[in-house]
Amino acid sequence: MSDHLMNTYARLPVTFEKGDGATLHDTEGKSYLDAISGIAVCSLGHAHPGISDAICAQSQKLIHTSNLYQIGNQQKLADKLIEHSAMEKVFFCNSGAEANETALKIARKYAHQNNIDNPAVIVMQNSFHGRTLATLSATGNDKVHEGFAPLVEGFIRVPFDDIEAVKAHSDNKNIVAILVEPVQGEGGIHVPQTGYLKALREICDNNKWLLMLDEIQTGIGRTGQWFAFQHENILPDVLTLAKALGNGMPIGACLAQGKAADALVPGNHGTTFGGNPLACAAGLAVINTMEVHNHVPAVAKKGQALIESFQATLSNQAGIVDIRGKGYMIGIQLDRPCGELVGIALEAGLLINVTRGDTIRLLPTFVMSLEQTDFLVTKLSEIIQEFLNN
Ligand SMILES: Cc1ncc(COP(=O)(O)O)c(C=O)c1O
């Protein structure tokens, strides 16, 4: 293994060489069921022929020109995202953190346009928004902040899924926006009560705040709707996407509508690579594939069935705190730290993740077969039972 990589990740001792669908193959020839999808990225599985063909064909025509010129694929992908989200405008970038940076810059511009000189954004405890200085400052996790002071100012933190805690700040004239994940992902798969987003929308309307939804993990079908806000029939002012939008090709997007849509003007924001012809070709192929195969409604049903299967096999097991989720975003919380389960599952040919120390996180591909689903439930339940009973 190379010593020349910065020590930013505690990597597992496995190197994958190729993939197909929900399966990954390592350099030793061993196969694994991928139940984490590169952290909610490869929703359509690995080496998807439709996505690979689109990337291949586009790379042979044109990869990059810069945003100094019109980019046809960017316009087409923006049209598709608007069609599915009912937002109005799109800015393309390369990652989730950049999409959230764009959202935060929109909030600041909106504030200054309204003569608010010292603007603040309400953010949640236990949230995750990225690793740039502004997005790590917005993130509600002390470990992420550690060693990076001084943090970016202008964030007010409240508990997640607590409407009264937000309302308590209604008199603060510096607040301009709320930034929230519709389902907390890194924070341990926390699904708020039904009506939470609707209530936040109402508070934002009453106070002229922007409702900014971080759908970097929940977006593009993951929860069984194209976007998680559609479960509550509301529209945010700002919506951020990345992860599954390119099925592995790096691409992010910040969408806006209404008063947020025109906050940024030429010279305010930009990125060299953002929305290049290649990344947008991948994004177009992803959306097209999801449309043609009706993946999004299928995920709603299959996700619910998967949660119920785990509840059936594990709810009576001592040491299980909760089995929860929405669509293919599932958390199994134990009463003790369980990070070692990742290595045990790897040995057994299963890729899972543990977040917040005690919660097994599953983000399966949308193309997992029935047989693979059975393997996931049986094998993982067995691993958890053995871990908890010993
Ligand atoms: C909700 C959420 N926001 C933002 C990010 C950051 O995205 P990226 O790693 O692409 O910068 C993540 C990544 O896990 C995320 O889950």
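Fewest Cβ neighbours within 10 Å first, please rank E215, E98 accordingly.
Ranking E215, E98 by Cβ neighbours within 10 Å, fewest first, gives E98, E215.
Set Lys and Arg Cβ to +1 and Asp and Glu Cβ to -1, take the dipole of the chain about its Cα centre, and tell me which of V180, I330, P159 lies farthest positive.
Projecting each Cα onto the dipole axis, the largest value belongs to V180.
Work out, step by step, the length gained on full extension between D335 and A318: first 0.36 nm times the residue separation, then minus their alpha carbon distance; give nm to one decimal.
Extending this stretch completely gives an extra 5.2 nm.
How do 342-352, 13-23 rank on mean C-beta neighbours within 10 Å, highest first?
My ranking of the peptides, most packed first, is 342-352, 13-23.
Where nothing but the Cβ of Lys and Arg (+1) and of Asp and Glu (-1) is charged, how large is the charge dipole of the chain around its Cα centre, in debye to the nearest 20?
So the magnitude is around 780 debye.
Assuming R0 = 41 Å, what is the FRET efficiency of E164 and A47, from their Cβ-Cβ distance, to the nearest 0.05?
0.25
Among L62, G195, I287, whose Cα sits farthest toward the positive end of the charge dipole of the range 50-292 (+1 at Cβ of Lys/Arg, -1 at Cβ of Asp/Glu, about the Cα centre)?
The one lying farthest along the dipole's positive direction is L62.
Before rounding to the nearest 500, sum -39500 (n - 2.57) across all DSSP H runs of length at least 4 in the chain and divide by the residue total; then give [θ] at 222 nm in deg cm²/dmol.
Calculated mean residue ellipticity at 222 nm is -11000 deg cm²/dmol.
For a footprinting-style exposure proxy, rank H169, H4, H295 by other Cβ within 10 Å, fewest first.
By the 10 Å Cβ count, ascending: H4, H169, H295.
Could you sort 55-63, 106-114, 26-34 so that the peptide with the highest average Cβ count within 10 Å comes first and the rest follow in order?
Highest to lowest by the protection proxy: 106-114, 26-34, 55-63.
Which of the residue pairs K198/K243; K105/K167; K105/K173; K109/K208 have a Cα-Cα distance greater than 22 Å in the structure shown? List each step's numbers first, then the result.
Numbers: K198/K243 25 Å; K105/K167 24 Å; K105/K173 18 Å; K109/K208 14 Å.
The answer is K198/K243; K105/K167.
Name the shape class, rounded, prolate or oblate, that the alpha-carbon gyration tensor gives for the chain, where a ≥ b ≥ c are the square roots of its eigenvalues, rounded holds for a/c under 1.5, and otherwise prolate holds if a/b is larger than b/c and oblate otherwise.
Oblate, because a/c is 1.5 or more while a/b does not exceed b/c.
What is the distance in Å between the Cα centroid of the range 221-250 and that of the range 266-329?
Between the Cα centre of the range 221-250 and that of the range 266-329, the gap is 9 Å.
Select from A348, Y110, N126 the residue farthest towards the positive end of the dipole of the chain; place +1 on Cβ of Lys and Arg, -1 on Cβ of Asp and Glu, and compute about the Cα centre.
About the Cα centre, the residue reaching furthest to the positive side is Y110.
Under a crude label model (7 Å from the Cα following the beta-carbon direction), how far is N389 from K259 in nanometres?
Here the modelled spin labels are 5.9 nm apart.
Grab the Cα-Cα distance for T194 and E83, subtract it from 0.36 nm times how many residues apart they are, and report the gain in nm with one decimal.
37.5 nm
Sort 372-385, 64-77 by the packing proxy (mean of other Cβ within 10 Å over each peptide's residues), most packed first.
Descending packing order for the listed peptides: 372-385, 64-77.
Work out the length of the dipole vector of the range 227-335 about its Cα centre, built from +1 on the beta-carbon of each Lys and Arg and -1 on the beta-carbon of each Asp and Glu, and round it to the nearest 20 debye.
The dipole of the range 227-335 has a size of about 140 debye.
Charges only on Cβ, +1 for Lys and Arg, -1 for Asp and Glu: so what's the dipole of the range 198-287 about the Cα centre, in debye to the nearest 20? Before the final figure, lay out each step's value.
Working: 6 positive and 7 negative charges, 22 e Å.
That gives the range 198-287 a dipole magnitude of about 100 debye.
Quick note: the coordinates plus some simple rules give every number you see, no bench work behind them. On a predicted model such as this, the values are computed, not experimentally measured, just so you know. We place every Cβ from the backbone using ideal geometry, glycine too, and count neighbours over all the protein chains shown.
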